[in-house]
1. Please count how many residues of the range 108-131 are open to solvent by less than 50 Å² (accessible area, probe 1.4 Å) and closer than 18 Å to Asp10 by Cα.
2. I'm trying to understand the selection: among the residues of the range 108-128, which are assigned to a strand (DSSP E or B) and closer than 20 Å to Ala52 by Cβ?
3. Check every one of the strands (runs of 3 or more DSSP E) wholly within the range 1-107 and list those with 3 or more residues that are surrounded by 13 or more Cβ atoms within 10 Å (Cβ to Cβ) and of a type outside the set (A, V, I, L, M).
Amino acid sequence: MALNLVVWGDPVPQGSKRAFIVQGKDGRPRPVVAESAGASLRQWRSDVVDAAREALGGRGPLQGPLSVEACFWLRPPKHKPPRYPYRRPDLDKLTRALLDALTTAGVMADDAQVVTLRVSKRYASTPSVEVTVEEMT
């Protein structure tokens with residue numbers, strides 16, 4: 001089974017993680033990992049979740065090993081853009097935000113199911129992300 005979806009709007013990368021130590025309720029230090037997640041990331045992930053749930057149509061998560069293909073269409077810079085968007089946002093951070101949102105939507109139980117991943121970023125006048133998730137069994 002394959003799932004296809006398009007999410008319109010500027011793709012937003014997942015923020016970086018920070019680790020630090022806090023004092024627990026028992027008085028002992030414990031590690032905490034925090035991730036920066038601004039309003040734009042929360043909104044974009046919510047848009048991905050909504051589109052993915054609509055594409056699922058009430059079916060449960062995809063099973064077994066999965067193949068994911070995604071193309072992030074980014075807004076070009078105002079001045080003459082290079083042929084390829086080789087500057088920010090980072091492709092790996094865009095992908096992390098996408099896979100986390102697909103997991104939240106119930107497309108897959110865990111993004112560890114993804115065994116094949118093909119992602120790209122290009123320029124377009126209308127920003128979006130096009131996604132195909134396919135069971136490989």
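1. 8
2. Passing the criteria: Met108, Val114, Val115, Thr116, Leu117, Arg118, Val119, Ser120, Lys121, Ser128.
3. Counting at least 3 such residues, we get 66-74.
The values are calculated or read from the model by the stated rules, or taken from the named source; none is laboratory data. The structure displayed is predicted, hence computed values, not measured ones. Glycine also receives a Cβ, built like all others from the backbone with ideal geometry; neighbour counts cover every protein chain displayed. Side chains are part of the model used for accessible areas, which takes the heavy atoms of the whole protein and leaves out ligands, DNA and RNA. Shrake-Rupley method; radii C 1.70, N 1.55, O 1.52, S 1.80 Å.
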